[in-house]
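Working notes, beginning with the structure itself.
Throughout, read-outs are computed from the coordinates displayed, never taken from laboratory work. All values derive from a computational prediction rather than experimental measurement.
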Amino acid sequence: MTATVETILAEAKKRMKTSMETLKKELATVRTGRANPSILDTIQVEYYGAHMPLNQIAGVSVPEPSTLMIQPFDKSAIKAIETAILKSELGLNPANDGNVIRLPIPALTEERRKQLTKVVNHMGEEIKTAIRNVRRDANDEIKKLEKNKDAHLSEDAAKTALDDIQKLTDQFVKDVDETVKHKDAEILKV
């Protein structure tokens with residue numbers, strides 16, 4: 001089956017949207033000065049010999065703006081959860097009372113804030129590169145379609161399709177920039 005201009009555009013848009021969703025998930029794991037349960041998404045806890053995501057063996061809530069509270073579904077998992085948090089690169093010190101773990105989120109230092117904005121900007125650049133790669137692939141498909149005599153794609157129609165792909169790319173790159181700018185502001189806010 002030969003691809004059409006519409007299917008090429010739809011596929012490019014779908015892939016760019018996926019890249020944008022990936023960025024949002026990655027940014028959610030970057031620690032800001034406020035407590036956010038998603039910073040624990042990457043933590044794996046050794047539980048009965050298996051590595052499990054923290055959110056599958058405990059509930060996480062935010063009782064105060066600078067504290068996370070972790071409520072294990074099974075109290076015997078408290079030590080394993082505490083160990084996993086200490087081993088993570090989050091630099092947080094859990095405090096447990098036998099029933100729940102309180103995780104105070106310390107304010108970020110100026111230096112750490114600047115490091116995190118660099119990390120966030122790097123994530124944004126990687127996603128923009130991914131979006132541009134999608135554009136390149138879509139442009140290649142359009143050019144193949146134009147060369148294929150059976151496809152009946154005129155030069156003008158191909159140019160219009162390439163322009164549409166560029167507009168789509170520009171919109172997603174702008175969205176990435178806005179998302180990164182918003183996260184930077186969140187990190188730098190004292």
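Angle, helix 155-188 long axis vs. longest principal axis of the chain, Cα atoms, 0 to 90°, nearest 10?
Computed tilt is about 20 degrees.
Among Leu68, Leu27, Leu90, which one shows the highest mean-square fluctuation when the chain is modelled as a Gaussian network with alpha-carbon springs under 10 Å?
Largest GNM mean-square fluctuation: Leu90.
Given the -39500 (n - 2.57) contribution per DSSP H run of 4+ residues, what per-residue ellipticity at 222 nm results for the chain, rounded to the nearest 500 deg cm²/dmol?
-20000 deg cm²/dmol
Return an integer: the convex hull volume of the alpha-carbon atoms of the chain, in Å³ per residue.
For the chain, the hull spanned by Cα atoms encloses 139 Å³ per residue.
Given C-alpha coordinates of the range 1-83, what is the ratio Rg to Rh with the Kirkwood estimate of Rh?
My calculation of the ratio gives 1.22.
Per residue and in Å³, how big is the convex hull formed by the alpha-carbon atoms of the range 107-190?
64
Sorted from largest down, give the three principal axis spans of the alpha carbons of the range 37-104, whole angstrom values.
Reported extents, whole Å, longest axis first: 34, 24, 17.
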